[in-house]
């Protein structure tokens, strides 16, 4: 099994646009879809002071932000047969 990329999961206390669980490919992508007032922490603080690799982080609004690894299956795509 090949290890994939990281994903960021944001779980909100109150639904925003009908959803409480949001999945992103990076920290900056969070703020393209959710306003800072909903997330409860600025992008600058999230990138510089919060380490999501060790544990989940709960913001002042009660949102829980965590980082996980997306597992991928190994494929033969792109390999040449000789």
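Treat the count of other C-beta atoms within 10 Å as a stand-in for reagent exposure and order 27, 74 from fewest to most.
Details: 27 17, 74 8.
Ascending Cβ contact count within 10 Å gives the list 74, 27.
Can you compute the modelled spin-label distance between residue 20 and residue 32, with each label point 7 Å from Cα toward Cβ, in nm?
2.7
Using 10 Å bins from zero, what percent of all Cα-Cα pairs in region 27-82 falls into each bin?
Values per bin, smallest distances first: 19, 42, 14, 14, 9, 2.
Which whole-percent values make up P(r) of region 1-52 when all C-alpha to C-alpha distances are grouped in 10 Å steps starting at zero?
Whole-percent P(r) values from 0 Å outward: 22, 55, 19, 4.
Going by how many other beta carbons lie within 10 Å of each one, how would you line up 60, 72, 77, 13, fewest first?
Numbers: 60 8, 72 11, 77 5, 13 14.
Ranked by crowding around the Cβ, least crowded first: 77, 60, 72, 13.
No lab work stands behind these numbers, since they all come straight from the coordinates. This structure is a prediction, so every number in the text was calculated from the model and none was measured. Here the Cβ is made from the backbone with ideal geometry for all residues, glycine too, and neighbour counts use every protein chain on show.
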